[in-house]
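Encoded as structure tokens, the structure appears first; notes follow it.
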Amino acid sequence: MTPLVVCAFVVVAVLGYAVTIYNGLVRVRNGVKLAWSNIDVLLVQRHDELPKLIAVCKGYMQHERETLESVARARANVEGARSTGNVASVSVAEGALRTGLSSLYAVAERYPDLKANDLFKNLQTRITALETAIADRREIYNDAVNALNVRLETFPDVLIAKPLGFTPASMLHFSGSETSDVDLKPAFGG
């Protein structure tokens, strides 16, 4: 073999390896986008259910306007953050919405007729199921983000990622207070 053939072989091998790395980075980046899209679908579904829940509660909870308005504001904030695609903003807005829903459910405990209303029970079950699905999808999303971010920081991927503009993605987090159990003592005078 001549040195020129060996050199050509090495160049082709290095380019092939670089293409393989690039394709892998594109796959993990698209995995993050897909995982976010799956969360987004659930956020939209929950977004559509919340006005129904608020409407059902309004008839029973006439003295709880602040709680209902808090949930409505939080819902609007989540929609605004979701539409920008900014994961950090969604995390904050989601926290406020989860807190508002927890308060709404706690206040609903004071209204036996509301708790017994089939539409309220169905909406509460549906929204709770969506919350669970969002939590499950958040885990998948964060795994995809972690895979991308690890690839972007490891050698030799970093040699391809940085010059080609690959950027790290943000994890979707909810603080402990936003995911903890609701304290129902105030609803029962405790």
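Before moving on, here are some points about what is shown:
- In the set (1) under 15 Å from ILE127 (Cβ atoms); (2) of a type outside the set (A, V, I, L, M); (3) modelled with pLDDT under 85, the condition left unmet by PRO51 is number (3).
- Residue within the range 117-140 that is closer than 19 Å to LEU25 by Cβ, crowded, with 17+ Cβ neighbours inside 10 Å and modelled with pLDDT of 90 or more present: no
- Those residues of the range 141-150 which are more than 13 Å from HIS173 (Cα to Cα), buried (at least 19 other Cβ atoms within 10 Å of the Cβ) and of a type outside the set (Gly, Ala, Ser), in sequence order: LEU148
- First in the range 81-102 and in contact (Cβ under 8 Å) with a residue 12 or more places away in the chain and under 18 Å from GLU69 (Cβ atoms), second anywhere and surrounded by fewer than 18 Cβ atoms within 10 Å (Cβ to Cβ) and among the charged types (D, E, K, R), Cβ under 7 Å, 6 or more apart: GLY95/GLU178; ARG98/GLU178; THR99/GLU178
- On inspection, ARG151 qualifies as under 22 Å from THR20 (Cα atoms) and of a type in the set (Lys, Arg).
- Considering the range 54-99, and only residues there that are surrounded by fewer than 14 Cβ atoms within 10 Å (Cβ to Cβ) and part of a loop (DSSP other than H, G, I, E, B), the residue that is modelled with the highest pLDDT turns out to be GLY85.
- Every residue from the range 60-80 that is touching a residue at least 40 places away in the same chain (Cβ under 8 Å) and not hydrophobic (A, V, I, L, M, F, W, C): TYR60, GLU64, THR67
- Hits in the range 7-66 - residues which are farther than 27 Å from SER83 by Cα, within 28 Å of the chain's Cα centre (by Cα) and among the small types (Gly, Ala, Ser): GLY24
The values are calculated or read from the model by the stated rules, or taken from the named source; none is laboratory data. In this text the structure is predicted, and so the values were computed from the model without any measurement. Heads up, the Cβs are rebuilt from the backbone with ideal geometry, glycines too, and the neighbour counts pull from every protein chain shown.
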